[in-house]
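Undergrad: Dropping the structure in here first, questions after.
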Amino acid sequence: MRRGVARSSLTLLPLALLAACGAVPEARQKAAPRRTPLVYAAHPEARACLANLGRASANFSPLPDQYYGAGCSTLNAVRLSALAGDSSLLGVTNLGPVACPLASTFAAWARYGVDRAARQILGSPLVRIETMGSYNCRTVAGTDRMSAHARAEAIDVAAFVLADGRRISVLRDWSGDDNQARAFLQTVHASACKRFGTTLGPAYNSAHRDHLHLELSGKAFCR
């Protein structure tokens, strides 16, 4: 019993006593990680974006702000696990951190620009969007300028999977023999151009032959 009382007393020591013993720096160091996930509480714009994403019925988890050096960071970011279609949730694969404003635009594009195009052109709803990732600490190919991927502000989309089992691939179907698949990809590309600041596809250059690059920054740069 004495041991239990002693332990309880130690845990209830006032912070002032710990300061007198030189333990305050350690106490503060231990408390810091608990404050990190609350970063959004201090940013009204971030809270508003999360609320909008929630109203869009997306499944996501907010992420703490991170700085990685060399101009790379993930700020006001989320991890998306599913998006809302007209009648069911849409899966997403291979996505890392995504800046919340980009995630919100991506969610709207997935429902109104992709799922509906799949139904109208291909006769089957969308069930999954396959990506080649989002955050990547790197420069734009061939330049020393940091890519939007280095800020989690770009997503590369590789393919779309339909409820009937078909998989529409940018690499295979952008210039393939299937007229419907080509029309679908051209339609979702055009829809992306209306929503994102920069949309790049196979027509831009060979580096984009297998995906659609979607980012918010830019001014209606569509290729």
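Undergrad: Restricting the search to the range 85-100, which residues are surrounded by fewer than 18 Cβ atoms within 10 Å (Cβ to Cβ) and touching a helix residue (DSSP H, G or I) at 6+ places or on another chain (Cβ under 8 Å)?
TA: At the first step, the residues of the range 85-100 found to be surrounded by fewer than 18 Cβ atoms within 10 Å (Cβ to Cβ) are 86-89, 91, 93-94, 96.
ASP86, the sole residue that qualifies.
Undergrad: Taking into account only those residues within the range 208-223 that are in contact (Cβ under 8 Å) with a residue 24 or more places away in the chain and open to solvent by 30 Å² or more (accessible area, probe 1.4 Å), which is nearest to the chain's Cα centre (by Cα)? Steps first, answer last, please.
TA: Filtering the range 208-223 for residues in contact (Cβ under 8 Å) with a residue 24 or more places away in the chain gives 209-217, 220-223.
Narrowing further to those that are open to solvent by 30 Å² or more (accessible area, probe 1.4 Å): 209-210, 216-217, 220-223.
Numbers: ARG209: 22, ASP210: 20, LEU216: 12, SER217: 15, ALA220: 20, PHE221: 21, CYS222: 21, ARG223: 22 Å.
Once the filter is applied, the top-ranked residue is LEU216.
Undergrad: Do you know which residues across the range 115-127 are open to solvent by 70 Å² or more (accessible area, probe 1.4 Å) and either free of Cβ contacts under 8 Å to residues at least 12 places away in the same chain or touching a strand residue (DSSP E or B) at 6+ places or on another chain (Cβ under 6 Å) (or both)?
TA: Just the residues of the range 115-127 that are open to solvent by 70 Å² or more (accessible area, probe 1.4 Å), to begin with: 116, 119-120.
Answer for the range 115-127, where residues must be open to solvent by 70 Å² or more (accessible area, probe 1.4 Å) and either free of Cβ contacts under 8 Å to residues at least 12 places away in the same chain or touching a strand residue (DSSP E or B) at 6+ places or on another chain (Cβ under 6 Å) (or both): just GLN120.
Yes/no per residue for (1) within 20 Å of ARG195 (Cβ to Cβ); (2) at pLDDT 95 or above; (3) touching an Asp or Glu at 6+ places or on another chain (Cβ under 8 Å); (4) not β-branched (Val, Ile, Thr):
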residue: ALA31; (1), (2), (3), (4): no, no, no, yes
residue: ARG47; (1), (2), (3), (4): no, no, no, yes
residue: ALA56; (1), (2), (3), (4): yes, no, no, yes
residue: GLY69; (1), (2), (3), (4): no, no, no, yes
residue: LEU102; (1), (2), (3), (4): yes, yes, yes, yes
residue: ALA108; (1), (2), (3), (4): yes, yes, no, yes
residue: ALA118; (1), (2), (3), (4): yes, yes, no, yes
residue: SER124; (1), (2), (3), (4): no, yes, yes, yes
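Undergrad: Also, I was wondering about something else. I'm checking my understanding of the structure. Among residues of the range 168-183 that are within 26 Å of the chain's Cα centre (by Cα) and closer than 14 Å to HIS208 by Cβ, which one is most open to solvent (accessible area, probe 1.4 Å)?
TA: That would be LEU171.
Undergrad: Would a scan of the range 128-151 turn up a residue that is buried (at least 16 other Cβ atoms within 10 Å of the Cβ), free of Cβ contacts under 8 Å to residues at least 40 places away in the same chain and farther than 19 Å from LEU200 by Cα?
TA: yes
Undergrad: Go through the range 194-207 and count every residue that is out of contact with any Lys or Arg (no Cβ under 7 Å at 6 or more places or on another chain) and either more than 9 Å from ARG223 (Cβ to Cβ) or surrounded by fewer than 19 Cβ atoms within 10 Å (Cβ to Cβ) (or both).
TA: Matching residues across the range 194-207 total 6.
Undergrad: Could you check the range 50-119 for strands (runs of 3 or more DSSP E) lying wholly inside it with 2 or more residues that are β-branched (Val, Ile, Thr) and within 13 Å of the chain's Cα centre (by Cα)?
TA: Here the list reads 89-93.
Undergrad: So how many residues does the range 154-165 have that are open to solvent by 60 Å² or more (accessible area, probe 1.4 Å) and in contact with a Leu (Cβ under 7 Å, 6 or more places away or on another chain)?
TA: 0
Undergrad: Considering the range 138-186 alone, what residues qualify as being of a type in the set (S, T, N, Q) and closer than 19 Å to LEU216 by Cα?
TA: Within the range 138-186, the first condition is being of a type in the set (S, T, N, Q), and the residues that meet it are 139, 143, 147, 169, 175, 179-180, 186.
Within the range 138-186, THR139, SER147 qualify.
Undergrad: I need the strands (runs of 3 or more DSSP E) fully contained in the range 137-223, keeping only those with at least 1 residues that are among the acidic types (Asp, Glu) and under 21 Å from ALA103 (Cβ atoms). Give the steps one after another, and end with the answer.
TA: Numbers: elements: 154-162, 167-169, 198-200, 212-215.
Those strands (runs of 3 or more DSSP E) span 154-162, 212-215.
The values are calculated or read from the model by the stated rules, or taken from the named source; none is laboratory data. Only a predicted model underlies this, so the values are computations on that prediction, with no experimental measurement involved. So basically every Cβ, Gly included, is an ideal-geometry build from the backbone, and we count neighbours across all protein chains shown. These accessible areas exclude ligands, DNA and RNA; they are computed on the full protein's heavy atoms, side chains included. Shrake-Rupley method; radii C 1.70, N 1.55, O 1.52, S 1.80 Å.
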